[in-house]
Each structure stands twice: as C-alpha cells, then as structure tokens.
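Beneath this line is the structure, given in structure tokens, with notes to follow.
The values are calculated or read from the model by the stated rules, or taken from the named source; none is laboratory data. None of these values were measured; they are calculated from a predicted model. Heads up, the Cβs are rebuilt from the backbone with ideal geometry, glycines too, and the neighbour counts pull from every protein chain shown.
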Amino acid sequence: MKIKSKNLVGESDWSLPMFAYAGVEPTRPDIITFVSSTRNTLQLTWPALLGEDTGGTNTNPITITNYDLYMDNGYNGDFKVIYSGPTPSYFVQYLTPGLMYRFRLRAHNSIGLQSELSTI
C-alpha cells in the first residue's frame, strides 16, 4: 500500500510502500523440560508452537522463526539470551554443579511479532 496526500495547495509524492500482515503475537511458550543432565550440562526441550499458537490460525499458521532461550547466572541474576534459533531444544554446557539455574523462553514469528516471556 502507498499513501498520497492532497489538499487545496497540491498533492504530495507517493509514500514508500507499506506492508500489513494479518496475525497476532505468538502465545507464550509452554514449560521447558529437562531431558537429561550431567554434572555440568542440561538438555532442554519445549513444545513447538503450532496452529493458533503461532499468531495465525489452525488452517493458516504463521511460521515461528526462532525461540530465544534465556538463562540466569545461577545466583538469581539477570537473564541473558543463550540460544536463539528455530529448533525447540538446546544443550546447555559449562554449568557449575550445585547452582540452580533459571530459564525463560520467548517465540518470534515471521511477521515480526514476539510472545511474552514464559514463566520461570
């Protein structure tokens, strides 16, 4: 779509093209599951968003382009992104034994909208 304004004095040039997409932000990702662990690693997974959960509909879903996985430092510190990608799983390495790490998750769809962060 392009826009042009017009008044008694004259009219403007056409605007640059604008694009609009039907859809909403994806739903908040579900619970993160710990698949396996070792002394200093964790294998995490979460359910992929499908259908209406993507921000589209069941018959016309919107592609989830990536998930952002956040982790704190094990001391209840700030969360930082440790993974950003399309696969709903991640292998966390170099953890310190005995610390309790917290994780959060966010999804992004192909029309540029993002979900709320998952609960801790």
remark   = Taking first residues from region 60-76 that are touching a residue at least 12 places away in the same chain (Cβ under 8 Å) and under 12 Å from ALA48 (Cβ atoms) and second residues anywhere that are basic (Lys, Arg) and outside any loop (DSSP other than H, G, I, E, B), the pairs with Cβ under 8 Å that are 6 or more apart or on different chains are TYR67/ARG106
key: Counted residues, region 1-31 - those being surrounded by 10 or more Cβ atoms within 10 Å (Cβ to Cβ), among the β-branched types (Val, Ile, Thr) and farther than 30 Å from TYR101 by Cα   = 2
request  = Select from region 64-116 the residues that are among the polar types (S, T, N, Q) and within 11 Å of the chain's Cα centre (by Cα) and list them in ascending order.
outcome  = THR65, ASN66, SER84, ASN109, SER110, GLN114, SER115
ask   = Here are ASN40, ASN58, ASN66: which of them is within 20 Å of PRO88 (Cα to Cα), surrounded by 11 or more Cβ atoms within 10 Å (Cβ to Cβ) and not aliphatic (A, V, I, L, M)?
value = ASN66
remark   = If you go through THR54, THR27, the only one that is in contact with a Pro (Cβ under 6 Å, 6 or more places away or on another chain), among the β-branched types (Val, Ile, Thr) and within 19 Å of LEU117 (Cα to Cα) is THR54
key: Residue satisfying condition, being modelled with pLDDT under 95 and surrounded by fewer than 18 Cβ atoms within 10 Å (Cβ to Cβ), within set PHE34, PHE91, PHE79   = PHE34
Qualifying positions in region 1-45 - touching a strand residue (DSSP E or B) at 6+ places or on another chain (Cβ under 8 Å), without any contact (Cβ under 8 Å) to a residue 60 or more places away in the chain and not charged (D, E, K, R) = SER5, SER12, THR33, PHE34, VAL35, SER36, SER37, THR41, LEU42, GLN43, LEU44, THR45
ask   = Pick from region 62-96 the residues that are aromatic (Phe, Trp, Tyr) and out of contact with any strand residue (DSSP E or B) (no Cβ under 8 Å at 6 or more places or on another chain): which of them is nearest to THR45 (Cα to Cα)?
value = TYR94
